[in-house]
Amino acid sequence: QVQLVESGGGLVQAGDSLRLSCAASEPTFSTYTMGWFRQAPGKEREFVVGIRWNGGPIYYADSVKGRFTISRDNAKNTVYLQMNNLKPEDTAVYYCAARLGEVVTPRQYYHYWGQGTQVTVSL
């Protein structure tokens with residue numbers, strides 16, 4: 001059972017940056033593909049970015065390309081999401097998720113989820 005804990009969310013202004021972290025309890029973290037998803041009020045949970053267990057390839061949703069960067073430190077069992085030039089439409093609860101296998105976008109293929117961290121971007 002992989003336990004995931006997100007941190008780093010908060011309230012920022014448009015154009016600001018935030019870095020989210022997701023710490024995993026699993027010592028075999030390096031074998032898991034990791035994904036970040038987000039869910040805005042009244043909307044479906046959507047794929048943001050995914051990174052393969054070995055660091056590549058990486059897939060970004062079009063809405064965050066060029067602004068968000070995912071990275072992972074397998075020695076620390078942690079995956080990061082650097083979010084730059086934040087926009088109000090980025091406001092959502094952000095979740096990290098883990099799966100065995102390649103990066104895929106549908107959330108139903110991720111087996112383990114964190115509790116989420118709120119990101120709010122004001123004008």
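The values are calculated or read from the model by the stated rules, or taken from the named source; none is laboratory data. Predicted, not measured: the structure shown is a model, and the values here were computed from it. Quick reminder, even Gly has a Cβ in these numbers, built from the backbone with ideal geometry, and neighbours come from all protein chains shown. Keep in mind that these areas ignore ligands, DNA and RNA; they rest on the heavy atoms of the full protein, side chains included. Shrake-Rupley method; radii C 1.70, N 1.55, O 1.52, S 1.80 Å.
Could you give the length gained by full extension between residue 61 and residue 23, i.e. 0.36 nm per residue of separation minus their alpha carbon distance, to one decimal place?
Numbers: separation 38, 0.36 × 38 = 13.68 nm, distance 2.22 nm.
Residue separation times 0.36 nm, minus the Cα-Cα distance, leaves 11.5 nm.
Using label points projected 7 Å from each Cα along Cα→Cβ, tell me how many nm separate residue 102 and residue 87, to one decimal.
2.9
Which three lengths, in whole Å and largest first, does the stretch 4-51 cover when its Cα atoms are put on their principal axes?
If we take the Cα atoms of the stretch 4-51, the spans are 37, 22, 16 Å.
So, with +1 on the Cβ of K and R and -1 on the Cβ of D and E, and no other charges, what is the size of the charge dipole of the chain about its Cα centre, to the nearest 20 debye? Walk me through the intermediate numbers first.
Details: 12 positive and 10 negative charges, 18 e Å.
Charge dipole of the chain: 80 debye, to the nearest 20.
Which FRET efficiency value, to the nearest 0.05, is calculated for residue 69 and residue 40 with the Förster distance at 35 angstrom and r the Cβ-Cβ distance?
Numbers: r = 21 Å, r/R0 = 0.60.
Calculated transfer efficiency: 0.95.
Cα to Cα, under 20 Å, and not fewer than 8 places away if on the same chain: which aspartates and glutamates meet these conditions relative to residue 76?
Leaving aside aspartates and glutamates fewer than 8 places away in the same chain, those within reach of residue 76 are 6, 26.
Residues with beta-carbon under 13 Å from that of residue 79, excluding residue 79: net charge, scoring Lys, Arg +1 and Asp, Glu -1?
Value of the local net charge: +2.
For the stretch 113-119, what does the Karplus curve 6.51 cos²θ - 1.76 cosθ + 1.60, with θ = phi - 60°, yield as ³J(HN,Hα) per residue in whole Hz, taken in order and with x for Gly and Pro?
9, x, 8, x, 9, 7, 10
Between residue 13 and residue 111, take the C-beta separation as r, use R0 = 30 Å, and let me know the FRET efficiency to the nearest 0.05. Present the calculation step by step, with values, prior to reporting the outcome.
Numbers: r = 36 Å, r/R0 = 1.19.
So the FRET efficiency works out to roughly 0.25.
Need one value: the accessible area of residue 6 in square angstrom, 1.4 angstrom probe, rounded to the nearest 10.
Residue 6 has an accessible surface of roughly 10 Å² with all protein chains in place.
If I take every Cα pair under 8 Å that is 6 or more residues apart in the chain, average their sequence separation and divide by the length, what percent do I get for the relative contact order?
Working: 307 pairs, mean separation 45.1, N = 123.
Rounded, it is 37 percent for the chain.
From Cα pairs below 8 angstrom and at least 6 apart in sequence, can you work out the relative contact order of the stretch 41-89, rounded to a whole percent?
Reported relative contact order: 25 percent.
Would you kindly derive the ³J(HN,Hα) couplings of the stretch 55-70 from the backbone phi angles with the Karplus curve 6.51 cos²θ - 1.76 cosθ + 1.60 (θ = phi - 60°), listing them in order in whole Hz, with x for Gly and Pro?
Taking θ as phi minus 60°, the curve returns x, x, x, 10, 10, 10, 5, 4, 5, 10, 4, x, 10, 10, 9, 9 Hz for the stretch 55-70.
What does the extension gain come out to for residue 52 and residue 120, with contour length at 0.36 nm per residue minus their alpha carbon separation? Write out the running numbers ahead of the final one.
On the way: separation 68, 0.36 × 68 = 24.48 nm, distance 2.75 nm.
Length gained, residue 52 through residue 120: 21.7 nm.
Could you look at the chain and say what percent of its accessible area is carbon and sulfur, using a 1.4 Å probe and all protein chains? Intermediate results must be reported in sequence, preceding the final value.
Working: 2990 of 6120 Å².
The computed percentage sits at 49.
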